[in-house]
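Computed from the coordinates by the stated procedures, all read-outs in this text should not be read as laboratory data. Quick caveat: nothing in here was measured; it's all calculated off a predicted structure. We place every Cβ from the backbone using ideal geometry, glycine too, and count neighbours over all the protein chains shown.
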Protein chains: 2
Amino acid sequence: MTPFNLKPIRKERTLRSDVVEQLKEAIINGDLPPGTKLVESQLSALLGVSRGPLREAIRQLVDQNLIESIPYTGTYVANISVKAIQELYSFRTELEQFAFKLIWDKRDKAFQEELKLQLKKLTSAIKDNDRESAIFEELELHNVVYKHCGHELLEQTWQRLRGRLHLYFTLHQKAHNRAGPLLDAHDRYLELALGDDLNAMLEHITEHMQQGYNKVEQFVSEIKSNTL
Amino acid sequence: MTPFNLKPIRKERTLRSDVVEQLKEAIINGDLPPGTKLVESQLSALLGVSRGPLREAIRQLVDQNLIESIPYTGTYVANISVKAIQELYSFRTELEQFAFKLIWDKRDKAFQEELKLQLKKLTSAIKDNDRESAIFEELELHNVVYKHCGHELLEQTWQRLRGRLHLYFTLHQKAHNRAGPLLDAHDRYLELALGDDLNAMLEHITEHMQQGYNKVEQFVSEIKSNTL
DNA sequence: TATTTGTAGATTGTTAACAATCTTACTGTT
DNA sequence: AACAGTAAGATTGTTAACAATCTACAAATA
């Protein structure tokens with residue numbers, strides 16, 4: 001048979017996977033604020049799905065730290081805390097430094113172009129004042145690195161953190177109604193990522209993350225003290 | 001009321017959690033070799049549980065990379081590969097170096113004593129020629145570090161890798177019927193971990209992991225070529 | 001005989017009813 | 001009024017039956 005350029009189709013559409021997507025989206029968007037109690041019967045009715053697939057979806061989101069579950073008691077949208085943010089940012093720093101160490105000598109044209117393209121998308125979204133897109137594109141920029149370094153375990157770990165990070169960005173944006181954290185000074189990031197000084201890049205990541213942490217930490221402290 | 005030093009009790013005993021434990025145990029022990037097809041009806045009958053909780057348990061184990069699942073097709077005990085081992089060991093190196101960087105200035109008496117105790121347990125298990133225990137205690141030794149550095153996200157990530165690592169150790173042991181990887185030369189590990197040269201410790205971790213990787217990689221290559 | 005096509009059985013996905021557990025509000029007692 | 005006990009309602013955990021999908025084998029065709 002003539003070998004068409006056909007890839008085997010991904011057959012992983014199931015109610016569970018759809019529910020995971022929708023719930024994740026709702027949490028990340030802030031439609032379901034942290035602490036919200038998720039009642040299975042209500043949710044399943046809302047989604048038009050029975051409780052079986054819903055419960056399986058919940059298990060997956062618990063593993064992504066987006067939902068907390070207490071047996072026989074209830075499941076809640078994960079709460080935020082200064083410590084959790086601290087951990088997320090310090091961990092991210094290590095992950096991304098590792099990613100760059102892995103990719104450094106393998107940075108091909110495709111990688112460089114995709115990184116440039118992604119920065120354009122981000123810049124454009126910021127100029128258009130489209131906050132939601134800006135957050136997404138910011139995450140996509142970092143995603144390019146993880147995607148290209150060819151380390152599945154690392155990428156998987158990054159994906160697990162990504163949702164939580166997205167949530168923080170959204171909350172920050174909603175709280176201040178201005179551009180989320182880290183939406184500027186990405187030019188230097190790109191410059192170093194395409195340059196030839198690995199150590200400078202690694203140091204920049206530490207600073208980059210530190211800045212992001214400061215912004216997010218600050219507003220979470222505010223929220224927490226307001227809530228009391 | 002007199003404030004007793006009581007922690008809120010963990011109430012998380014459910015069929016799902018029991019199934020997770022049992023399945024994990026069976027995979028890690030090698031009772032369910034890599035590639036084994038897991039048929040839900042058979043498993044549920046075997047465990048005396050209906051398919052609902054079983055399926056939820058499977059979701060959790062998929063997230064720990066111990067099971068692979070293809071919708072409408074089947075779930076299988078995760079296969080092993082040289083690349084997966086490579087990734088696991090390189091990632092472990094980063095995680096454990098991060099852990100030591102975190103804990104270094106906070107190493108208290110409790111930490112030091114627990115580390116010493118754990119090494120004793122490991123040494124004792126090796127002397128008794130109790131392979132199964134030796135593997136467990138080896139993992140417990142590293143676990144002490146993650147437990148004490150007070151970084152939940154890091155510990156969580158370690159726990160997710162631990163099962164997979166345990167599986168490799170078991171397979172190695174079964175293949176060669178001799179002591180698993182890394183069961184010697186832990187004295188130096190302890191010495192450095194209690195010493196005051198962080199860089200030496202970090203370097204040692206790299207070597208330590210490299211040795212472990214070499215042993216595991218070698219025998220997996222053998223297995224793979226024999227299977228063909 | 002080799003290839004294709006159809007069909008039956010097996011297996012996973014989904015649902016809805018049932019059981020166990022928890023929460024809350026009410027009642028009675030001191 | 002404060003507290004313990006209790007019962008009703010709500011919610012999660014579990015089960016078993018039903019539907020959708022896939023796989024493997026056999027019949028049909030060349």
Calculate the mean, over all residues of peptide B:86-94, of how many other protein chain Cβ atoms lie within 10 angstrom of the residue's Cβ. 4
When A:Ile80, A:Ile28, A:Ile70 are ordered from fewest to most other Cβ atoms inside 10 Å of their Cβ, what list results? A:Ile70, A:Ile80, A:Ile28
From zero up to wherever the largest Cα-Cα distance of the range A:15-77 sits, split into 10 Å bins and tell me the percent of pairs in each. 23, 65, 12
Evaluated over chain B, the Cα radius of gyration and Dmax, each in Å: 19.3, 69
Set A:Lys83/A:Lys121; B:Lys24/B:Lys101; B:Lys24/B:Lys174; B:Lys147/B:Lys215 screened for pairs whose C-alpha atoms are more than 20 Å apart: A:Lys83/A:Lys121; B:Lys24/B:Lys101; B:Lys147/B:Lys215
Placing the label point 7 Å from Cα along the Cα-to-Cβ direction, what are the distances from A:Gln86 to the equivalent spots in the other copies, shortest first, in nm to one decimal? 3.8
What is the set of long-range amide H partners of B:Leu38 at a cut-off below 5 Å, with H atoms built 1.01 Å from backbone N? B:Thr75, B:Tyr76, B:Val77
Alpha carbons only, please: Rg and Dmax for the protein assembly as shown, in angstrom. 23.4, 81
How many angstrom lie between the Cα centre of the range B:124-153 and the Cα centre of the range A:111-136? 45
Filtering trypsin sites (Lys or Arg not before Pro) in the range B:4-93 by DSSP loop and by at most 13 other Cβ atoms within 10 Å leaves B:Arg10, B:Lys11, B:Arg13
Each label sits 7 Å from Cα toward the beta-carbon; between B:Glu132 and A:Asn79 the label points are separated, in nm, by 4.1
Among A:Ser90, B:Ser124, which comes first, then next, by fewest other beta-carbon atoms within 10 Å? B:Ser124, A:Ser90
Span per principal axis, largest first, for the Cα atoms of the range A:70-137 (Å): 53, 34, 22
Quick check: convex hull over the Cα atoms of the range A:103-210, volume per residue in Å³, rounded to an integer? 96
Between the range A:30-44 and the range B:43-67, what is the separation of their alpha carbon centroids in Å? 25
